[in-house]
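To keep things clear, I will list the structure first and then write my remarks on it.
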Amino acid sequence: MSRESNLVKQVKGLKEDRKAVILAHNYQLPEVQDIADFVGDSLGLARRAAELQPDVILFCGVHFMAETAAILCPNSTVLMPDSNAGCPMANMINVRQLKNLKAKHHQAVVVCYVNSSAAVKAESDYCCTSSNASSVMEAIPEDRQIVFVPDKYLGSWAARQTSRKVILWEGYCPTHVRILPEHILAQKKKHPKALVLAHPECLTEVSEMADVVTSTSGMVRFCRESPAAEFIIATEIGILHQLKTNSPKKQFYPATELADCPNMKLNNLEKMLWALEDMSPQVTVPGEIAERAKLAIDQMVSIGWKREPAMKNSS
Ligand code: 13P
Ligand code: SF4
């Protein structure tokens, strides 16, 4: 038996014993996506966790995603295959910095991107993901100023969509800023019929060159439903597996192979098995922080539901 099929068998068996649900982000390694119960974007996975409230969640993504699941499912044990899988963008703002920003703009409503720590969420009024950032901004009365942290590119994209003036924090995703306008131009030259899809974490110049700007699951859905046959994909390259699984007859070209998030690739089948065996590492959030962060997360989960339903793993 090959390494993969042996591990798949063991993970599946132990998952049943533990009554665990495996949630995987669209950027995970193919072997992780293929064994997951649900594969999706940040919003879809948070909603799926909230709906299911399982005994155990094996969360295959990065730390803030597992933290969000722990807040939404206080009675579940939330495991990560590798607790070193963090998000560098989420670490670009801490509570002290956010408190200082709030003191400067004390009238403003604070919207934080879900790519942030639970402690930062606890200091925010609303949380959002890439799929509902504009809807969240639209839900805020027009006469209120908005502070958006930590991703300046998602914040400015949503501000342009909603014509809102937004005070931005200087955060960004180190993986998405590697996608340059010249990469899109080169791919368009090679594949003139292909549509360009970009994640809103991309540089503004890149988002402006795209035919569609959307979340990772938004991309999967768009490509499946579109009559077009070729797509240039400006986001982390792990998404290619989910795109090909959902639209096997279509062609996908990554804008650049440089857009590879090392944190998302830390999880694998071996670490999934060990996490289920040891019931560790567990992700927990202190009660007082969880309680305050949940208020902002509840707004995120409830806004824009119809636009971005979670996806069942098609494998
Ligand atoms: P999505 O919510 O669109 O899946 O994005 C999460 C993320 O980390 C993008 O880099
Ligand atoms: Fe964070 Fe960027 Fe990796 Fe997404 S791709 S987890 S935003 S570093």
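Does the range 82-99 include one or more residues that are over 26 Å from residue 146 (Cα atoms), surrounded by fewer than 24 Cβ atoms within 10 Å (Cβ to Cβ), of a type in the set (S, T, N, Q) and more than 15 Å from ligand 1 (Cβ to nearest atom)? Yes, that holds for at least one residue. Would you check if residue 215 is surrounded by 15 or more Cβ atoms within 10 Å (Cβ to Cβ), touching a strand residue (DSSP E or B) at 6+ places or on another chain (Cβ under 8 Å) and of a type in the set (Ser, Thr, Tyr)? The answer is no for residue 215. Which one is surrounded by the fewest Cβ atoms within 10 Å (Cβ to Cβ) among residues in the range 22-45 that are among the small types (Gly, Ala, Ser) and modelled with pLDDT under 95? Among them, the one singled out is 44.
Yes or no, residue by residue, for (1) over 29 Å from residue 10 (Cα atoms); (2) within 16 Å of ligand 2 (Cβ to nearest atom):
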{"site": "209", "(1), (2)": "yes, no"}
{"site": "213", "(1), (2)": "yes, yes"}
{"site": "226", "(1), (2)": "yes, no"}
{"site": "253", "(1), (2)": "yes, no"}
{"site": "259", "(1), (2)": "yes, yes"}
{"site": "278", "(1), (2)": "no, no"}
{"site": "297", "(1), (2)": "yes, no"}
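Taken over the range 251-280, the residue count meeting the criterion of being touching a strand residue (DSSP E or B) at 6+ places or on another chain (Cβ under 7 Å) and surrounded by 14 or more Cβ atoms within 10 Å (Cβ to Cβ) is 10. Checking each residue in the range 100-130 for being over 22 Å from residue 165 (Cβ atoms) and surrounded by fewer than 23 Cβ atoms within 10 Å (Cβ to Cβ) picks out only 119.
There is at least one residue in the range 192-206 that is in contact with a Pro (Cβ under 8 Å, 6 or more places away or on another chain), away from ligand 2 (no atom under 16 Å from the Cβ) and closer than 27 Å to residue 254 by Cβ. All of 266, 197 fail the test of being away from ligand 1 (no atom under 13 Å from the Cβ) and aliphatic (A, V, I, L, M), apart from 266. Restricted to the range 131-241, the set of strands (runs of 3 or more DSSP E) holding at least 3 residues that are under 22 Å from the mean Cα position of the chain (by Cα) and at pLDDT 95 or above comprises 146-149, 195-198, 230-234.
Among the residues making up the range 46-55, those that are more than 16 Å from ligand 1 (Cβ to nearest atom) and either buried (at least 24 other Cβ atoms within 10 Å of the Cβ) or not charged (D, E, K, R) (or both) are 52, 53, 54. Scanning the range 259-292 for residues that are in contact with a Leu (Cβ under 7 Å, 6 or more places away or on another chain) and outside any loop (DSSP other than H, G, I, E, B) turns up 269, 270, 272, 273, 275, 276, 277, 282.
In the range 108-130, the qualifying residues are those that are part of a strand (DSSP E or B) and more than 16 Å from ligand 2 (Cβ to nearest atom), and the one that is farthest from the chain's Cα centre (by Cα) is 109.
Out of the residues in the range 56-81 that are of a type in the set (Val, Ile, Thr) and more than 14 Å from ligand 2 (Cβ to nearest atom), state the one that is surrounded by the fewest Cβ atoms within 10 Å (Cβ to Cβ).
My answer is 77.
Look at the range 85-107: where a residue is under 30 Å from residue 275 (Cα atoms) and near ligand 2 (Cβ under 10 Å from one of its atoms) and a partner is among the aromatic types (Phe, Trp, Tyr) and at pLDDT 95 or above, sitting 6+ places away or on another chain with Cβ atoms under 6 Å, you get 87/64; 90/64. With respect to the conditions (1) surrounded by fewer than 17 Cβ atoms within 10 Å (Cβ to Cβ); (2) away from ligand 2 (no atom under 13 Å from the Cβ); (3) under 30 Å from residue 105 (Cβ atoms), residue 230 falls short on a single one, namely (3).
The values are calculated or read from the model by the stated rules, or taken from the named source; none is laboratory data. Every value quoted in this text rests on a predicted model; they were computed, and no experiment measured them. Glycine gets a Cβ as well: all are built from the backbone with ideal geometry, and neighbour counts include every protein chain shown.
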